[in-house]
Structure formats: C-alpha cells, structure tokens
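Chemist: Below are the structure tokens for one structure; questions will follow.
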Amino acid sequence: MIKKQSLKRMGIVILGSIIMGLGIHLTIIGQLGSDPLTMLWIGLSDKLSISIGQANILVSSVMLLIVFFIDRKELFIGSLLNPIVIALTTDLLANVPFQPESLPFRLGLFLIGLALMAFGIAVYSLASFGRGAYEALVFALSAILNVSIRLVRTSFDCLFMILGFLLGASLSFAPLLAILLMGVMIQFFIQQLIRPMSKYLGDEL
C-alpha cells in the first residue's frame, strides 16, 4: 500500500512538472519575457552557452544544496524529480520549430504559459512528495527568518528578474505580470484540485 501511494505521488509530481515545463516553454516562445526564475535561466543559458534546461538544473542544484543545509525536511524525492523533468521537457520542446510573430498571439501564449505553470505547481505541490527547489528555499528561509512566505518569494522574484536582465534576458512588463498573477493562480488551482487530489491519494481533508 505504501509503495502504491509513493508511485501515485511520484506520478503526480512528474505530471505537474511536465505541465510546468510546457508552461515555461510557452512563456519563452512568446518573447515578451518570462517569469523571474525563468529569466535567470535564460540569462545563464546565454552567458554559459548551455540549454535552458541545463541552466534550470544548475540553479535548482544550488537552491537544493542551500535547503539541504538549512532545513532538509522540506526535501524529498519530488524535490529532485521536479527540476529534472522540467529541464527535459523544456529542452525537448525547444527543438520544435515554432516562432509566433503576432503580438496578440505572443501575449496569449505568455498568459496560457503562466496559467499552465501555476497549474503544474499546484499539481505537484498537492502530491506532498517534497517541495520543488524554489518553493523549498522560500519556505525554509521564511521559517528561519520568521518573515512571510510572500515577502521571501517576492524578494527572490525581484532578485532573479534583475539578475536575468543583467545576464541578457529581455525585460518587459511580462515578468512583473508574472509576479502579480502567479501566486493568485497557484492558490486558485490548489483550491480547485485539493479535494479530487486528496480523494485520489486517499488522504484525509
């Protein structure tokens, strides 16, 4: 029974991470900027001549290493699976030849991408199989510094946006829109998914 539960949770983490990877890809090809963390990946990708997926693995490894030393209870198998699956998904989709030109179409892709990212985060979060690297870092620092999760997340979002821009990622209104909308969308999807997900996993509400 425990093994079956673990496989279910692992499957949910993988599904949520694939959806996140698809969302990230859509924000990237929209060419309006992306969410702050993806901006950092894009900047590192350009500077180090590596793929965006590899930049994701690099940044996630640093985050997970920090969390390992300051609050390792935030980590589990899903913490490792999440960045790996996202990296594989984004790098695979990067090989698909598709370059939208219309501004309304690009904006639509960006907004759909954000929604998919938020949906994917909600899905893998509800698996309760270890937080993703960024979420683990935010929660760990929030607990240690005794400040709100929102403050820590917003501070890092601003830092990543600035670093990504300095490294060469394009900056527009899109990252600011991501900062404003992501938290709201994640919370909305969690509220919609928590009951069916708990039923699927056999958890008590």
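Chemist: Restricting to the range 160-175, name every residue that is at pLDDT 85 or above and either of a type in the set (Ser, Thr, Tyr) or open to solvent by 80 Å² or more (accessible area, probe 1.4 Å) (or both).
Modeler: Ile162, Phe165, Leu166
Chemist: When residues of the range 45-58 are filtered for being in contact with a Leu (Cβ under 6 Å, 6 or more places away or on another chain) and either open to solvent by 10 Å² or more (accessible area, probe 1.4 Å) or under 19 Å from Pro97 (Cα atoms) (or both), how many remain?
Modeler: Of the residues in the range 45-58, 1 are in contact with a Leu (Cβ under 6 Å, 6 or more places away or on another chain) and either open to solvent by 10 Å² or more (accessible area, probe 1.4 Å) or under 19 Å from Pro97 (Cα atoms) (or both).
Chemist: Could you grab the pairs with beta carbons closer than 6 Å, sequence gap of 6+ or different chains, first residue in the range 155-172 and closer than 8 Å to Gly43 by Cα and in contact (Cβ under 8 Å) with a residue 40 or more places away in the chain, second one open to solvent by 70 Å² or more (accessible area, probe 1.4 Å) and among the charged types (D, E, K, R)?
Modeler: Matching pairs, first to second residue: Leu167/Lys47; Gly168/Asp46.
Chemist: Right, here's the next one. Answer yes or no as to whether Ala87 is closer than 24 Å to Ala178 by Cα, open to solvent by less than 20 Å² (accessible area, probe 1.4 Å) and more than 12 Å from the chain's Cα centre (by Cα).
Modeler: Considered against the rule, which asks whether it is closer than 24 Å to Ala178 by Cα, open to solvent by less than 20 Å² (accessible area, probe 1.4 Å) and more than 12 Å from the chain's Cα centre (by Cα), Ala87 comes out as no.
Chemist: Let me ask another. Report yes if some residue within the range 192-203 is open to solvent by 10 Å² or more (accessible area, probe 1.4 Å), in a helix (DSSP H, G or I) and under 25 Å from Thr27 (Cα atoms); otherwise report no.
Modeler: The answer is yes; a qualifying residue exists.
Chemist: Among the numbered criteria (1) in contact (Cβ under 8 Å) with a residue 40 or more places away in the chain; (2) among the β-branched types (Val, Ile, Thr); (3) more than 30 Å from Ser49 (Cα to Cα), which one does Ile179 miss?
Modeler: (3)
Chemist: Which of the following residues is out of contact with any helix residue (DSSP H, G or I) (no Cβ under 6 Å at 6 or more places or on another chain), of a type in the set (Gly, Ala, Ser) and closer than 23 Å to Leu181 by Cβ: Ser128, Ser155?
Modeler: Only one candidate qualifies: Ser155.
Chemist: Ok, one more. Output the residues belonging to the range 4-39 that are open to solvent by 50 Å² or more (accessible area, probe 1.4 Å) and without any contact (Cβ under 8 Å) to a residue 12 or more places away in the chain.
Modeler: Lys4, Leu7
The values are calculated or read from the model by the stated rules, or taken from the named source; none is laboratory data. Keep in mind that what you see is a predicted model, and the values were worked out from it rather than measured. With ideal geometry, Cβ positions are generated from the backbone for all residues, glycine too; neighbour counts draw on all protein chains shown. These accessible areas exclude ligands, DNA and RNA; they are computed on the full protein's heavy atoms, side chains included. Shrake-Rupley method; radii C 1.70, N 1.55, O 1.52, S 1.80 Å.
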